[in-house]
Amino acid sequence: MSSRSLVSVVLLVVLSLLALRSIAKLLDNPTAFPPHDFVEYWCAGALNLAGRDPYDPAAMYALEQEIGWDIGQAVMMWNPPWTLTVAMPLAELPWRTAQIVWFAVRIAAFCLSAHLLATTYRRPRAAWAITFTWLPCYIALQYGQIPPLMLLGVALFVYLEQRGHRFAAGFACVLLAVKPHLAILFWLAVGLHAIRNREWRIVAGGLVGGLVFSVWPLVQNPQVFTQYFASARTNPPTQWMSPTLGTLLRAIFGVEQFWLQFLPMLPGLVWLAWHWAKTRRTWNWTEQTPGLILVSFVTAPYGAWPYDLTLLVLPFVAVAAARGPTVPLVVFYALLNAGMLVCVGLGLPAHWAVWVAPVALGGGLYLTTRRNETA
């Protein structure tokens, strides 16, 4: 073994021991690395494993208090029941151990997403750099949220579809479907593409993925879908001040006007109709998915929280993959990140992030147009 290899091995061992020591201290200190939204997944998974209602605020709150996390109300998991297939394995572990595992799983999801996007769009440096410098990715990690798996789902989709594995690509979409309202235009485009081309493998893969991910939750709790829909009726997102254009409209014209929450979907649907008519004959999922995700996000009826902006890694990588000058993109990306960092540093409420996705869309359109003109 060369001296350089020996030094590398020793360094790796030392770092591993330090990491294990830090993890041991972390497990012994519940005040360090607070769980935040992770508790919603662990507690919902634990309740469903016990055959109880994971969408019951009282049951969730009681369990969260039991493990020592109390913010005065339940932290709820409002995701569809197939999400429980991700949550229940975590609930098989002690909650603190599960939190560490969850953190590691999401780091791995980011690494795999970066690799898949680097391979798909043939810009390895850009894919890895964007994935690990985009501020919302770190917000998702900090808050214990699930968007890293959503990014993995859409990265798997474009990677597998590009290689002709359309059924598998559709199956991967189950990860994106843990928050289906953030990709409405994408789902509609999948349907339009299937109908026009009589190509149903993506749809079939998605349906099978949803069914497979629903089996275990149903086995543990046969009423879980009934409970989910009941909670959606009794706890609609009327009270959420999420960073969407619909919330902004309600703030201007009256928060009681809940229908305004869905108004931004209308221009999104108009854009999809126009865009589909223009590109349907030459439709390419590698090229079209980033735009569908971005416009879906901008026009989402609710949700679209700062950690959900993790999904914008895909359109940024796609823009970086286009030929043309890179300096404007780097400057725009850095300014966007800096703007979000200022909002975080000032402690502004989450709904102040409403500007990020529209600005990203406008900047992406400008940069893409400019690159096409200089090509």
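Bear in mind these aren't lab numbers, they're just calculated from the coordinates by the rules spelled out. Only a predicted model underlies this, so the values are computations on that prediction, with no experimental measurement involved. In this analysis, Cβ positions are derived from the backbone assuming ideal geometry, glycine residues included, and neighbour counts consider all displayed protein chains.
List of remarks:
- Ignoring the sites themselves, the chain has its longest run without GluC sites (Glu not before Pro) in a DSSP loop having at most 14 other Cβ atoms within 10 Å at 257-375.
- Largest GNM mean-square fluctuation across A114, A58, A87, computed for the chain with C-alpha springs under 10 Å, falls on A58.
- Ellipticity estimate at 222 nm from DSSP helix runs (n ≥ 4, -39,500 (n - 2.57)) divided over the chain, nearest 500: -22000 deg cm²/dmol
- Separation between Cα centres of the stretch 117-173 and the stretch 188-205, rounded to whole Å: 21
- Evaluating 6.51 cos²θ - 1.76 cosθ + 1.60 at θ = phi - 60° for every residue in the stretch 299-316, the Karplus couplings come out as 9, 4, x, 7, x, 6, 5, x, 6, 5, 4, 3, 4, 6, 4, 4, x, 5 Hz, glycine and proline recorded as x.
- Sorted fewest first by neighbouring Cβ atoms within 10 angstrom, M88, M241 come out as M241, M88.
- The residue among S113, P34, N235 whose Cα reaches farthest toward the positive pole of the charge dipole of the chain, with charges on the beta-carbon of Lys, Arg, Asp and Glu, is S113.
- The shape of the stretch 48-135 comes out prolate: with a ≥ b ≥ c from the C-alpha gyration tensor, a/c is at least 1.5 and a/b beats b/c.
- Cα shape, the chain, gyration tensor, a/c 1.5 rule: rounded
- The longest stretch of the chain left intact once loop-based trypsin sites (Lys or Arg not before Pro) with at most 15 other Cβ atoms within 10 Å are removed from consideration, loops following DSSP, is 199-322.
- Taking the Cα centre of the stretch 115-228 as origin and assigning +1 to Lys and Arg Cβ atoms and -1 to Asp and Glu Cβ atoms, the resulting dipole is close to 360 debye.
- Magnitude of the charge dipole for the chain, about its Cα centre and with charges confined to Cβ atoms of Lys, Arg (+1) and Asp, Glu (-1), is about 1540 debye.
- GNM flexibility winner over the chain from G345, G246, G205 (Cα, springs under 10 Å): G345
- Highest mobility in the GNM of the chain, judged by mean-square fluctuation with C-alpha springs under 10 Å and restricted to L63, L149, L266, is found for L266.
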